[in-house]
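The values are calculated or read from the model by the stated rules, or taken from the named source; none is laboratory data. Predicted, not measured: the structure shown is a model, and the values here were computed from it. Counting neighbours? That spans all protein chains shown, and the Cβs are built from the backbone with ideal geometry, glycine included. Please note that ligands, DNA and RNA were not included when accessible areas were found on the heavy atoms of the full protein model with its side chains. Shrake-Rupley method; radii C 1.70, N 1.55, O 1.52, S 1.80 Å.
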Amino acid sequence: MDALEIGTLEVPGARLYFEVRGAGPLLLLIAGGGLDAAVFGRLAAVLATDHRVVTYDPRGNSRSLLDGPPEDQKIEAHADDARRLLDHLAAPDEPVHVFGSCSGALVALELALHDQDRVRSVVAHEPPAMAILPDAERCLAFFEDAHEAFLREGVAPALRKLRPVFGGHRAPPLPEAQDNNAFFLAHIIRPTTRFVPDLPALAAAADRIVMAGGRDSRTHLIHRPAAVLAGRLGRELAEFPGGHTGYAQHPAEFAERLVALLPAATAPAASRLQG
């Protein structure tokens, strides 16, 4: 399904590019890392059969241009962008469901805490919250090494350093409007992996949160923070088809799983997630 609406929104320090598909309950999809709205194209087309699906390029990626020079990205600023986008597109008091993957999952969790009246449920898929892991120092040093490799040698050597995150394999090719790897390695990878979610606040909002991970990435480093967060929130971990980017490789199956979880976000953990 083609986008029914394409637009831009001025936010502090940037201009956000967004797309809207379909009609029905509003569902916001938040991309992570250096990805943009294009990565959700096939998933959004499936979901748009019964949802109004909003996708966008996070600030600094592809068509969402920064007003000034590139700088390290803050999860809080991205959550404020998402809130402003919902202000622009949602009707007053309209409930919203949110799905975020990778650093987009961190943004979704932050949004859940600061827009509680509107955000009905959040599905957070493999957020890279490495700082909460028991071996956080070692994990953060791994990402620091990749960042330094980028500064010394460039994009390709740095991406090779990151292969252990995906079980030793190269990250799969994904749809994107523009290659944002340099921006990701320079300004996203360090602040997002070091970001520490407000765990007590998330625990208080746990009935609206689903922590999720990929079936094929169970043994990968990128999967571990989701499992730890699920435990901290007293929730079961929901499994999705594929790995870290299963939404792009298995859009129909991924959409079916996501839609099944949305209305169940407020049910007790024992009856809610089967995974």
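One table, with the values for the structure above:
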| quantity | calculated |
| --- | --- |
| Residues located in region 124-140, provided they are among the small types (Gly, Ala, Ser) and closer than 11 Å to Cys102 by Cα | Ala124, Ala129 |
| Yes/no for Leu106 being of a type outside the set (Ser, Thr, Tyr) and within 21 Å of Phe240 (Cα to Cα) | yes |
| Condition met for Ala252 (surrounded by fewer than 20 Cβ atoms within 10 Å (Cβ to Cβ) and out of contact with any strand residue (DSSP E or B) (no Cβ under 8 Å at 6 or more places or on another chain)) | yes |
| Gly243 being open to solvent by 10 Å² or more (accessible area, probe 1.4 Å) and on the phi > 0 side of the Ramachandran plot | no |
| Per-region count, region 143-173, residues assigned to a helix (DSSP H, G or I), in contact (Cβ under 8 Å) with a residue 40 or more places away in the chain and not small (Gly, Ala, Ser) | 6 |
| Those residues of region 75-85 which are touching a residue at least 60 places away in the same chain (Cβ under 8 Å) and within 15 Å of Val53 (Cβ to Cβ), in sequence order | Leu85 |
| Every residue from region 189-239 that is open to solvent by less than 40 Å² (accessible area, probe 1.4 Å), within 18 Å of Ala171 (Cα to Cα) and not in a helix (DSSP H, G or I) | Gly213, Gly214, His220 |
| Total residues in region 147-195, condition aromatic (Phe, Trp, Tyr) and closer than 22 Å to Arg224 by Cβ | 3 |
| Residues of region 150-171 that turn out to be open to solvent by less than 50 Å² (accessible area, probe 1.4 Å) and closer than 13 Å to Ala182 by Cβ, as a count | 5 |
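Matching residues to (1) touching a residue at least 40 places away in the same chain (Cβ under 8 Å); (2) open to solvent by less than 30 Å² (accessible area, probe 1.4 Å); (3) among the polar types (S, T, N, Q); (4) farther than 20 Å from Val259 by Cβ:
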| site | (1), (2), (3), (4) |
| --- | --- |
| Phe18 | yes, yes, no, yes |
| Leu47 | yes, yes, no, no |
| Asp50 | yes, no, no, no |
| Tyr56 | yes, yes, no, yes |
| Gln73 | yes, yes, yes, yes |
| His88 | yes, no, no, yes |
| Glu94 | yes, no, no, no |
| Phe99 | yes, yes, no, no |
| Ala112 | yes, yes, no, no |
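A quick yes/no check of all residues on (1) buried (at least 20 other Cβ atoms within 10 Å of the Cβ); (2) under 22 Å from Gly68 (Cβ atoms); (3) touching a Ser or Thr at 6+ places or on another chain (Cβ under 7 Å):
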position: Thr8; (1), (2), (3): no, yes, no
position: Pro12; (1), (2), (3): no, yes, no
position: Arg15; (1), (2), (3): no, yes, yes
position: Leu27; (1), (2), (3): yes, no, no
